[in-house]
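No lab work stands behind these numbers, since they all come straight from the coordinates. In this text the structure is predicted, and so the values were computed from the model without any measurement. Glycine also receives a Cβ, built like all others from the backbone with ideal geometry; neighbour counts cover every protein chain displayed.
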Amino acid sequence: MRYRFLSDGRTEVSEVGFGVWSVATTWWGVKDPQEGIRLLREAHAAGVTFFDTADIYGNGLGETILADAFWKAGMPRDRLVVATKFGYDIYTHGAERSGHGELPQDFSPAFIRHACEESLRRLGTDYIDIYQLHNPRMESIRSDDVLEALTKLKAQGKIRLGGAALGPDIGWRDEGFESLDREGVDAIQIIYSLLEQDPSSAFFPIAEQKNRNLIVRVPHASGLLDRSYSPKKHFDKSDHRSHRKEKWMEAGMGAVQKLEFLETSAPLPRSLAQAAIQFCLAQSSVKTVLPNFTRTDQIREFCAASDLPALPPDALIQIQKLWNDGMREDLAQPFSDSRTKPTPSAPAATGRAG
């Protein structure tokens, strides 16, 4: 495993991180907490030091499971880098949640302070490495009160960096640019993959210039790029990935065929899943990538991507050519007749898991 420093110059994260989503919810992935703990520990043994979670995952389980897997087993806190998220009011409305609907959000300073204290308690630690607004709307990103609350938490030593984890279904292109422009939003979590290069590709030069830390999730485009998706059986309604349109997945299957050359690109062969992770890591502003781990073999395969030689320049050029010469349009077509941008008040998913 290779590691990259965050912009603070002292925090080092593994190039492949663990999205705790997959072991802390029942929407997709591992449903047995003990199996989740085993996978978390296996990932750490494979070199993973960055773990991304949220208070809303399992109404707190996404945080307590890290404490159970590591601190309570005697691991020193400074061995891991932990990011969590806030903004959904699980304290008032957690019991009301059904299906994949979105809970009410609260980004008031008082709620941020309360949510931080509760996350610290569940994590069993006295600081959070990256504290992220969860699927924030524009008004929350622009709020001076929100940034002041994060600044105070930094001054108190309760968090080290502030961040924003941007949601896919609220029209997050503009939110991404705004986040990059706000002092105090040190880390920005985005969706980016070989099959979903927009809008994140426009963020990279700005993130580089402003020394922002980018965290990539959904590098495998909901199972297309790690070949876990079967076109014979689309996701059922209990699976969070059911938001994916079948026509988009069909278009993605066609795009995958065009990308299979990456498996034999010199100097060494690699799986398409590994190439997908390396594609994200080709951007220096990307500090870590969050594939979804639900099995031991995935941990081995995905973590090994960090140790392989980087994708060669000619492969990156070919990817860009395919994207510009029709892949972008092919993948946009399934949405062209039916997809509209939700208003800020419209329900949104709580973040694609991958």
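Just a few scattered comments:
- Coupling constants for the range 172-187 follow from the phi torsions by the Karplus curve (6.51 cos²θ - 1.76 cosθ + 1.60, θ = phi - 60°), and in residue order they are 9, 4, 5, 5, x, 5, 5, 4, 5, 8, 9, 5, x, 8, 7, 10 Hz; glycine and proline get x.
- Aspartates and glutamates whose Cα lies under 19 Å from that of Lys152, excluding same-chain neighbours fewer than 8 positions away: Asp8, Asp106, Glu117, Glu118, Asp126, Asp129, Asp144, Glu183, Asp186
- Residues Ile215, Ile206, arranged from fewest to most other Cβ atoms within 10 angstrom of their Cβ, appear as Ile206, Ile215.
- Residue order, fewest to most beta carbons within 10 Å, for Tyr192, Tyr131, Tyr3, Tyr229: Tyr3, Tyr229, Tyr192, Tyr131
- By the equivalent-ellipsoid construction on the alpha carbon gyration tensor, the range 3-96 comes out with semi-axes of 23, 16, 12 Å, ordered largest to smallest.
- Residues whose amide H lies under 5 Å from that of Phe18, counting only those 5 or more places away or on a different chain, are Phe50, Phe51, Asp52; hydrogens are built 1.01 Å from N in the peptide plane.
- Förster-model FRET efficiency, 22 Å R0, Glu117 and Asp78, C-beta, rounded to 0.05: 0.55
- Signed unit charges on C-beta, dipole axis of the chain, positive-most listed residue Thr53, Phe5, Ser271: Ser271
- Of all DSSP-defined beta bridges confined to the range 3-336, some 15% are antiparallel rather than parallel.
- Net charge of neighbours whose Cβ lies under 14 Å from the Cβ of Ser284, counting Lys and Arg as +1 and Asp and Glu as -1: +3
- Lys321/Gln156 FRET efficiency (R0 45 Å; Cβ-Cβ; nearest 0.05): 0.35
- Residue order, fewest to most beta carbons within 10 Å, for Leu194, Leu133, Leu268: Leu268, Leu194, Leu133
- Over the chain, Cα pairs under 8 Å with separation of 6+ residues give a relative contact order of 21 percent.
- Links that overshoot a 28 Å alpha carbon limit, given the list Lys31/Lys85; Lys247/Lys287; Lys31/Lys158: Lys247/Lys287; Lys31/Lys158
- Radius 9 Å from Cβ of Ala69, net charge of other residues (Lys, Arg +1; Asp, Glu -1): +2
- The range 1-29 versus the range 250-301: alpha-carbon centroid distance in Å: 16
- Taking the Cα centre of the chain as reference, the dipole from Cβ charges on Lys and Arg (+1) and Asp and Glu (-1) amounts to some 480 debye.
- Orientation-averaged projected area, Cα convex hull of the chain (nm²): 16.4
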